[in-house]
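Undergrad: Once you've had a glance at the structure underneath, I'll fire off some questions.
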Amino acid sequence: MKILIKMFIVFNILNVWGQRTPTITHITQKPIKDIGGTVELTCSVLYSQDFPVMWAKVNKDKNSEPFVISMGGSLVLKDTRFELIQRDDSFTLQIRDIQETDAGVYQCQISMGLKSRISAEVELEIRRPPIISDNSTRSLLVNEGQPVKLECYAGGFPVPRISWRRVNNGILPAGRSIYRGNILYIPAITKEDRGTYYCIAENGVGRGARRNIAVEVQFAPVITVPRPRLGQALQNDMDLECHVEAYPPPAITWLNNGVQLLNNQHHRITHFASADDFTDTTLRIITVEKRQYGDYMCRASNVLGTTEAVVHLYETIIPVCPPACG
């Protein structure tokens with residue numbers, strides 16, 4: 001019996017001591033708020049009458065001292081957006097007109113001494129519209145056949161989703177492109193893939209963000225001859241045409257029997273660039289003579305190569321109009 005009485009007394013003493021030890025019984029669960037809104041972070045404590053209760057903002061990495069916001073029933077931070085509300089054993093930190101910089105970890109602390117404290121943490125997360133980072137791809141200049149990687153990085157909360165498009169609803173390189181989240185990878189780019197791409201970052205907050213990425217593809221000239229065989233009567237003018245596609249813009253020449261032709265009383269050469277990559281070139285043979293029938297070569301050259309195409313001019317009896325009869 002004496003042993004039971006002693007055990008009962010010890011149990012009650014320990015129980016009393018336990019009740020007198022300050023304890024954090026509740027802290028607000030992880031809130032997610034919009035910029036401009038209001039949040040209340042509540043910390044409920046027991047037996048803290050003899051110990052100061054503090055709210056502080058702490059660095060996630062814990063590599064710096066917490067920034068004290070309140071001590072006991074008073075605010076330390078002089079910011080009109082912050083208010084401390086004390087009700088019995090609860091300490092509520094209210095933040096109005098929430099800013100992006102308010103996001104972070106907040107800590108409720110009961111200071112037991114210089115090196116002893118009880119604490120609990122809550123992380124405040126702020127919904128933020130996507131912002132595409134500067135380390136995303138802005139533009140590229142590549143040679144045809146090279147691999148291409150377009151990168152798009154975006155911040156915001158929740159974490160943005162990245163998607164890819166081409167301007168004017170152009171088709172992405174189907175079957176040849178690989179999507180890896182925020183990266184669009186083209187193993188071997190072609191001239192048809194050149195143009196403006198854009199990445200879109202969306203997370204349900206705001207209208208999303210978009211960045212245009214200009215992709216320039218350098219490629220050797222490609223020549224198209226709309227009429228490879230042309231007939232014209234003697235003493236009439238005749239136009240020979242080539243359409244040249246190339247980037248960078250090529251040097252274009254016309255040749256007959258291996259000799260480069262120049263503008264003179266017999267020939268007139270004109271080039272018309274319809275776009276950065278397209279040039280129409282025309283050789284006008286003025287007052288066709290017998291010796292001028294035969295093959296004419298259109299040649300286009302840039303740093304990536306040289307391409308040639310032939311237009312054959314033959315004699316007819318009836319003039320072709322135009323350019324004759326003009």
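Values in this text are rule-based calculations from the coordinates and carry no lab data. Just so you know, these numbers come straight off a predicted model, no measurement behind them. Note that we place each Cβ from the backbone using ideal geometry, even for glycine, and neighbour counts take in every protein chain shown.
Undergrad: The range 152-219 to the range 47-68: how many Å between their Cα centroids?
TA: 44 Å
Undergrad: Cβ neighbours within 10 Å, averaged per peptide: list 256-266, 193-203, 39-49 in order, most packed at the top.
TA: Listed from highest to lowest mean packing, they are 193-203, 39-49, 256-266.
Undergrad: Taking 8 Å as the Cα distance limit and 6 or more residues as the minimum spacing, I'd like the relative contact order of the range 19-112 as a percentage.
TA: That works out to 34 percent.
Undergrad: In nanometres, what is the gap between the two model label sites at residue 169 and residue 115, each 7 Å from Cα along Cα-to-Cβ?
TA: 7.1 nm
Undergrad: When a/c reaches 1.5 or more, the comparison of a/b and b/c decides; with that in mind, is the range 35-88 rounded, prolate or oblate per its Cα gyration tensor?
TA: Judged from the Cα gyration tensor, the range 35-88 comes out oblate (a/c at least 1.5, b/c at or above a/b).
Undergrad: Among 65, 315, 241, which comes first, then next, by fewest other beta-carbon atoms within 10 Å?
TA: On the way: 65 9, 315 12, 241 16.
Ascending number of Cβ neighbours within 10 Å: 65, 315, 241.
Undergrad: Short version: ³J(HN,Hα) in whole Hz for each residue of the range 223-233, in order, from phi by Karplus 6.51 cos²θ - 1.76 cosθ + 1.60 (θ = phi - 60°), x for Gly and Pro, what are they?
TA: 10, 10, 10, x, 9, x, 10, 9, x, 8, 7
Undergrad: Along the charge dipole of the range 225-326, pointing to its positive end and built from +1/-1 on Cβ of Lys, Arg, Asp and Glu, which listed residue (228, 293, 311) has its Cα farthest out?
TA: Positive-end residue among those listed: 293.
Undergrad: Right, something else. Using 0.36 nm per residue of separation minus the Cα-Cα distance, give me the extension gain between residue 257 and residue 76 in nm, one decimal. Don't skip to the answer; put the middle values down first.
TA: Details: separation 181, 0.36 × 181 = 65.16 nm, distance 9.25 nm.
Difference between extended and current length: 55.9 nm.
Undergrad: Another question, if that's okay. Apply the Debye scattering formula to the range 223-305, with a single equal point scatterer on each alpha-carbon and no solvent, then give log10 I(q)/I(0) at q = 0.11, 0.15, 0.21, 0.23 Å⁻¹.
TA: -0.30, -0.54, -0.99, -1.15
Undergrad: Okay, moving on. Which listed residue (217, 162, 105) has the Cα farthest towards the positive end of the charge dipole for the chain, taking +1 on Lys and Arg C-beta and -1 on Asp and Glu C-beta about the Cα centre?
TA: Toward the positive end, the furthest listed residue is 105.
Undergrad: Around residue 259, with a cut-off of 15 angstrom between Cβ atoms, what is the net charge of the other residues, counting Lys and Arg +1 and Asp and Glu -1?
TA: 0
Undergrad: As a footprinting exposure proxy, order 321, 298 by other Cβ within 10 Å, with the fewest listed first.
TA: So the ranking, lowest neighbour count to highest, is 321, 298.
Undergrad: Give, as a single signed number, the net charge of other residues whose beta carbon lies under 14 Å from the beta carbon of residue 156, with Lys and Arg counted +1 and Asp and Glu -1.
TA: Its environment carries a net charge of +2.
Undergrad: A follow-up question, please. Which of the peptides 280-291, 212-223 is most tightly packed, and how do the rest follow, going by the mean number of other Cβ atoms within 10 Å of each residue?
TA: Ranked from most to least packed, the peptides come out as 212-223, 280-291.
Undergrad: Another question, if that's okay. Could you work out how far helix 2-20 tilts from the main Cα principal axis of the chain, as a 0 to 90 degree angle to the nearest 10?
TA: It works out to around 50 degrees.
Undergrad: Same structure again: Please report the net charge: other residues with Cβ closer than 11 Å to the Cβ of residue 79, K and R +1, D and E -1.
TA: On the way: positive: 78, 81, 96; negative: 83, 97, 102.
With Lys, Arg at +1 and Asp, Glu at -1, the net is 0.
Undergrad: Add -39500 (n - 2.57) for each DSSP H run of 4 or more in the chain, then divide by its residues: what number comes out at 222 nm, to the nearest 500 deg cm²/dmol?
TA: Estimated from H runs of four or more residues: -2000 deg cm²/dmol.
Undergrad: How high is the FRET efficiency from residue 306 to residue 125, r the C-beta distance, R0 56 Å, rounded to 0.05?
TA: For R0 = 56 Å, the calculated efficiency reads 0.40.
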